[in-house]
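A quick write-up on the structure given underneath.
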Amino acid sequence: MQAMYLMVAAVVGMQHPVVPPVVVPARAHAQPVLEALNALDALGALDALNALEGLNVLDALDALDAVGPWDSAPLQDEQDPTDSLWRGARRAFNRGDYASAGKLYADLARRYPDATRAGDALYWAAFALYKNDDLVRARSLLFTQQERYAKAATLRDGYALLARIQTALAKQGDSEAAAWLTEHAQPVEPARGCPDEDDEDDVRVAALNGLLQMDATNALPILKKVLAKRDGCSAGLRRKAVFIVSQKHGGETEDILLDVARNDPDSEVRQQAVFWLSQVGSDRAVTALDSILRSATDPELQDKAIFALSQIHNARAAQILRDYATNERASDEAREKAIFWLGQQRSPENAAFLRGLYAKVTGEDLKEKVIFSLSQMGGADNGRWLMDIALNEREPVEMRKKALFWAGQTGGNLEQLVGLYDRMQDQEMKEQLIFVYSQRHEAAALDQLIRIAKTEQNKELRKKAIFWLGQSHDPRAAQVLLEIINP
């Protein structure tokens, strides 16, 4: 009966891989992915994308060059008089002939002003002229689109393009363009209810960004006015304004971000300010982040403060994170984040601290996070420490298994790992070792699996080794399985 089971296990392992129970520690394969997601969560990447939301339409304009223009107007039948002009303009644009494309799109709008495509043709004509550095004519066409074609599908894109054109002209000394940027950057009071954030804020954010590039002295007071607003309707605009401020380095930028981080009523706006303080990195920023970390009650704000401190590479910021990781009054979740980011810095001080911290914490999740962080640092000292945990029979078996797993994943000494098998008394640890061998690509690891598959007296352990041999593409593994099937 046992021989029959081994034959089946070998064939199944080679042809239809399935994961056997118990071998892999909980979330072993998923762990790196989960850690990466935790990193993104702490990083606030999604929030950073929200901050860029008002600007990405501008970047999309350049991205279109790679794929050609997307035209929102429906294709017409062959008898539509605008069809040949539209197709010709699109072909010219796609091959980078912006002069011809601009002329054809403009001709369509001029000759057929009442056509469905006329408003969109003006946008594409302006875009082609912009790409050809004919900024004044491009601006004129966009003004015409706004005046005559309020229902054009490309109207919002036209406003974003106009902001970019006005920025370029303002840099060249065009007073009309500078006045437009200043006017459209100003915060406004909604007449009734909240405006559609996407409709109005994108243009204002683009104007603010252009004004900051052209004349920071005039832009910063306007940005301050935007950030001084406290109503719920302006929260989205304030988030985008924080991003724009963060792109301008200097003492005034630091003052603005610190004020927003401490005082803005909207949690997401405060989080954005804390996130961008990581790029400032001054002593004042570190002090403020320390205060926020210790006093904030919002877990997401604490996460942003932890991440921001992890990005400031000086001794004081690192010490604040180490102190927080030992703070038993803090939540385990926040302490885990601090431990994670300490592991990403990979300094000898952080490694020594984490090795000492392991014995002081009691929660399994905290211990697991320490093990993972040390495994990510690498180095001989950390590798030996992981093996010591794996061998320590006074440690909980789950912690020993995790330490063993990460020791194997991070290139631990294979000779030592192979020698452990016969010394181990615990069956769960032996199962874990078999899995570790299966994840290594050295010949010695396969030799050990073959030895276990052939000679191990424990049926369950032998089955596990046979299963993992079945996952190998090495011809030696296939030969061993055939020998087991046909003794």
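The values are calculated or read from the model by the stated rules, or taken from the named source; none is laboratory data. The structure presented is a predicted model; accordingly, all values stated were derived computationally and were not measured. Here the Cβ positions follow ideal geometry from the backbone for every residue, glycine too, while neighbour counts run over all protein chains shown. What goes into the accessible areas is simple: the full protein's heavy atoms, side chains included, and nothing from ligands, DNA or RNA. Shrake-Rupley method; radii C 1.70, N 1.55, O 1.52, S 1.80 Å.
Would you check which residues across the stretch 138-168 are hydrophobic (A, V, I, L, M, F, W, C) and open to solvent by less than 10 Å² (accessible area, probe 1.4 Å) and list them? Spell out how you get there, then give the answer.
Step one: of the stretch 138-168, the residues hydrophobic (A, V, I, L, M, F, W, C) are 138, 141-143, 150, 152-153, 155, 160-163, 165, 168.
Within the stretch 138-168, Ala138, Leu142, Ala160, Leu161, Leu162, Ala163, Ile165 meet the criteria.
Going through the stretch 369-388 one residue at a time, which ones are within 12 Å of Gly343 (Cβ to Cβ) and charged (D, E, K, R)?
Restricting attention to the stretch 369-388, the residues satisfying the condition of being within 12 Å of Gly343 (Cβ to Cβ) are 369-379, 382.
Scanning the stretch 369-388 gives a single hit, Lys369.
Are there any pairs with C-beta distances below 8 angstrom linking a residue in the stretch 402-429 that is without any contact (Cβ under 8 Å) to a residue 40 or more places away in the chain and in a helix (DSSP H, G or I) to a residue that is open to solvent by less than 20 Å² (accessible area, probe 1.4 Å) and basic (Lys, Arg), with the two at least 6 apart or on different chains, and if so which?
From residues that are without any contact (Cβ under 8 Å) to a residue 40 or more places away in the chain and in a helix (DSSP H, G or I), the pairs are Met429/Arg400; Met429/Lys401.
Can you tell me which residue among Ala261, Ala228, Ala273 is over 18 Å from Arg335 (Cα atoms), open to solvent by 10 Å² or more (accessible area, probe 1.4 Å), of a type in the set (A, V, I, L, M) and at pLDDT 85 or above? Step through it out loud before you land on a result.
Working: Ala261 fails: open to solvent by 10 Å² or more (accessible area, probe 1.4 Å); Ala273 fails: open to solvent by 10 Å² or more (accessible area, probe 1.4 Å).
Checking each option against the conditions leaves just Ala228.
Just one of Val280, Val260 is among the β-branched types (Val, Ile, Thr) and part of a helix (DSSP H, G or I); which is it? So that I can check it myself, show each step before the final result.
On the way: Val280 fails: part of a helix (DSSP H, G or I).
Going through Val280, Val260 in turn, the sole match is Val260.
For the subset of the stretch 468-477 comprising residues that are more than 12 Å from Ala453 (Cα to Cα) and either touching a residue at least 12 places away in the same chain (Cβ under 8 Å) or in contact with a strand residue (DSSP E or B) (Cβ under 9 Å, 6 or more places away or on another chain) (or both), which member is surrounded by the most Cβ atoms within 10 Å (Cβ to Cβ)? Write out each step before concluding.
Kept after step one, since they are more than 12 Å from Ala453 (Cα to Cα), are these residues of the stretch 468-477: 471-476.
Filter once more, keeping what is either touching a residue at least 12 places away in the same chain (Cβ under 8 Å) or in contact with a strand residue (DSSP E or B) (Cβ under 9 Å, 6 or more places away or on another chain) (or both): 471-472, 474, 476.
Numbers: Gln471: 13, Ser472: 20, Asp474: 14, Arg476: 14.
Among those residues, the one meeting the criterion is Ser472.
Of the residues Leu461, Leu449, Leu433, which single one is open to solvent by less than 30 Å² (accessible area, probe 1.4 Å), in contact with an Asp or Glu (Cβ under 7 Å, 6 or more places away or on another chain) and either in a helix (DSSP H, G or I) or in contact (Cβ under 8 Å) with a residue 60 or more places away in the chain (or both)?
Leu461
Residue under question is Arg329, and the condition is that it be assigned to a helix (DSSP H, G or I), of a type outside the set (A, V, I, L, M, F, W, C) and out of contact with any Ser or Thr (no Cβ under 7 Å at 6 or more places or on another chain); does it hold?
Numbers: assigned to a helix (DSSP H, G or I): no; of a type outside the set (A, V, I, L, M, F, W, C): yes; out of contact with any Ser or Thr (no Cβ under 7 Å at 6 or more places or on another chain): yes.
Against the criterion (assigned to a helix (DSSP H, G or I), of a type outside the set (A, V, I, L, M, F, W, C) and out of contact with any Ser or Thr (no Cβ under 7 Å at 6 or more places or on another chain)), Arg329 does not qualify.
Name the single residue, out of those in the stretch 360-394 being over 28 Å from Asn314 (Cβ atoms) and outside any helix (DSSP H, G or I), that is least open to solvent (accessible area, probe 1.4 Å).
By that ranking, first place goes to Gly363.
Would you tally the residues in the stretch 283-326 being under 20 Å from Asn263 (Cα atoms), over 20 Å from the mean Cα position of the chain (by Cα), among the charged types (D, E, K, R) and assigned to a helix (DSSP H, G or I)?
Residues that pass the stated criteria total 4.
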